[in-house]
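One structure is given here, and the rest of the page talks about it.
Please treat every number below as a calculation from the coordinates, not as lab data. Everything quoted here is computed from the prediction, not taken from an experiment. As a convention, Cβ positions derive from the backbone with ideal geometry for all residues, glycine included, and neighbour counts pool all protein chains shown.
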Amino acid sequence: MDLVITSLGMVSSVGRDVVMACAAIRAGIACAQPLTYFEVLDEASEEMEPVTGHPIRGLTEGFTLIGRWLLLARACVADLIHQGALPDATHASFWHATGIRVVTPYHGDERFGVEASDAAPSREPIRRAYLQPLLEALRLPIDERNADLLCQGPSGAIQSIHEASGWMEARGLERMLVIAADSYCDPLTLEWLAGYRRLKAPENPQGLMPGEAGACFLLESAASARRRSPSMCFAIASAAIRVEQNHFFSRKPNTGIALAEALEETLAGAMPRAPFAGCMVSDLNGENWRANEWGYARIRLAQWFAEGPSLMLPAVSLGDTGAASGAGSVCVAARALARGYARGAQILVVSSSERGHVGAMCLSMKG
């Protein structure tokens, strides 16, 4: 089944819809501000200073963890329906042929009060606390049997694209709505990040700046899109996923093996005879492990790039948005193609999760 992306939705600290958010990212606009409710020690002054982050003021205050996810997810889906001029809930036939894949952070670690282990934790608590309330809040006539969770972090968006064709065919669906929402700005998550010394601070300039976002996109079979003639249409030229054994929590050097393999498969599928010379949307966020992973992967892929790819870095404007960053990067890539600043007819997206899941995809405008 050939797939295309026919609508986008996004909410972020620099825009409450996908058009504004991606335009602000393109312009390098950022709205970073002190998170006055979370302080760290400035060792030079020996005083406590608030962490700087990228919260979405007026939307998520007073909520934590899953409460924030629900607000962010609802906001980006509302934008997706508006941007794609999609039918409302009264058009049951459209939504009965649509499934949902909801991407969340990996939930088996200390961030959620769970002791880390090698065994895969049950997804049932997340389904009850997040997926079911989200389906009720969206008020769309989508069969709950066609709603799925992928608790994999940032790379879950690309994995959803990679799996979408088989997933949809097995259920007799024409479309799949991929939703990713996450916040690194809530106090519990900030405690978790600080415990691993991942926050950007005076004594840790290689850390990340916490952000939050909701991002989503509608995957649709090419046949369905031809019948509907949507206003936007982006083709999935190629996508690949891998698992890096030397991930962040393994405490072993990440030499970019899995990321290089995913990129090589993606490039081979999209342009088997030509080196890539366009743009790439990357999740580089200021942390050393991500920079090392990309640097090693770039060396391994020297033959695939005519020159260094032009990097687009959403984290410069949004901070690190956790599990939402992969879907957000897909939105940024699609808008770059639509607006004509992607330096070519195709654009790459790469995404890595702290637990080792990585993905790469190539997107193009549908002719």
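Using helices alone, what [θ] at 222 nm do you get for the chain, with -39,500 (n - 2.57) per DSSP H run of 4 or more residues, divided over all residues and rounded to the nearest 500?
After summing the helix terms and dividing by residue count, I get -9500 deg cm²/dmol.
Let me test this: with uniform point scatterers at the alpha carbons of the range 106-185, what is the Debye-based log₁₀ I(q)/I(0) at q = 0.24, 0.26 1/Å? Log-scaled intensity ratios, in q order: -1.38, -1.45. Taking 10 °C and 1.306 mPa s as conditions, the chain diffuses translationally at an estimated 78 µm²/s according to Stokes-Einstein applied to its Kirkwood radius (Cα pairs). Looking at the chain, what % of its DSSP beta bridges pair antiparallel, to the nearest 5? Counting only bridges with both partners in the chain, antiparallel ones make up about 70 percent. The magnitude of the dipole of the range 254-293, with charges of +1 and -1 set on the Cβ of Lys/Arg and Asp/Glu and taken from the Cα centre, is near 160 debye.
Loop-resident GluC sites (Glu not before Pro) (DSSP state other than H, G, I, E or B) in the range 203-238 with no more than 16 further Cβ atoms inside 10 Å of their Cβ: Glu203. Less than 5 angstrom separates the built amide H of Phe276 from those of Phe305, Ala306, all sequence-distant by 5 or more or on a different chain.
Computed from backbone phi, the HN-Hα couplings of the range 34-46 come to x, 8, 5, 8, 9, 10, 10, 7, 8, 5, 5, 8, 6 Hz, rounded to whole numbers (Karplus: 6.51 cos²θ - 1.76 cosθ + 1.60, θ = phi - 60°; Gly and Pro given as x). Looking at the square roots a ≥ b ≥ c of the eigenvalues of the Cα gyration tensor of the range 1-137, which shape do they give, rounded for a/c under 1.5, prolate if a/b is larger than b/c, or oblate? Judged from the Cα gyration tensor, the range 1-137 comes out oblate (a/c at least 1.5, b/c at or above a/b).
The alpha carbons of the range 218-257 occupy a box of 50, 15, 12 Å along the principal axes, longest dimension given first.
On the basis of the beta-carbon distance and an R0 of 30 Å, Asn292 and Glu191 show a calculated FRET efficiency of 0.70. Whole-Hz Karplus values for the range 236-243 come out as 7, 6, 5, 7, 8, 10, 8, 10 Hz, taken residue by residue from phi with 6.51 cos²θ - 1.76 cosθ + 1.60 and θ = phi - 60°; glycine and proline positions read x.
Placing +1 on each Lys and Arg Cβ and -1 on each Asp and Glu Cβ, with no other charges, gives the chain a dipole about its Cα centre of roughly 1400 debye.
What residue among Val330, Ser93, Tyr106 has its Cα farthest toward the positive end of the dipole of the chain, where the charges are +1 on Lys, Arg and -1 on Asp, Glu, each on the Cβ? Farthest towards the positive end: Ser93.
Potential lengthening of the chain between Arg57 and Asn204 amounts to 50.3 nm, from the contour at 0.36 nm per residue minus the alpha-carbon distance. Only the Cβ atoms of Lys and Arg (+1) and of Asp and Glu (-1) were treated as charged; on that basis the dipole of the range 87-149 about its Cα centre amounts to roughly 200 debye. Backbone geometry of the range 98-104 corresponds, through the Karplus equation with coefficients 6.51, -1.76 and 1.60 at θ = phi - 60°, to 3J(HN,Hα) couplings of 10, x, 10, 10, 9, 8, 10 Hz, x marking Gly and Pro. Each label was represented as a point 7 Å from its Cα along the Cα-to-Cβ direction; for Thr64 and Ala85 these points are 4.5 nm apart.
In whole Å, what three semi-axes, largest first, describe the equivalent ellipsoid of the range 293-366 built from its Cα gyration tensor (square root of 5 times each eigenvalue)?
19, 18, 11
Rg of the Cα atoms in the range 1-57, relative to 2.2 N^0.38 Å, amounts to 1.70.
Report the antiparallel proportion of the DSSP beta bridges in the range 11-161 as a percent, rounded to a multiple of 5.
Here the antiparallel bridges make up roughly 60 percent for the range 11-161.
Calculated on the Cα set of the range 209-367, radius of gyration then Dmax: 15.5, 50 Å. Under the combined filter of DSSP loop state and at most 15 neighbouring Cβ atoms within 10 Å, the range 158-263 retains these trypsin sites (Lys or Arg not before Pro): Arg197, Arg251.
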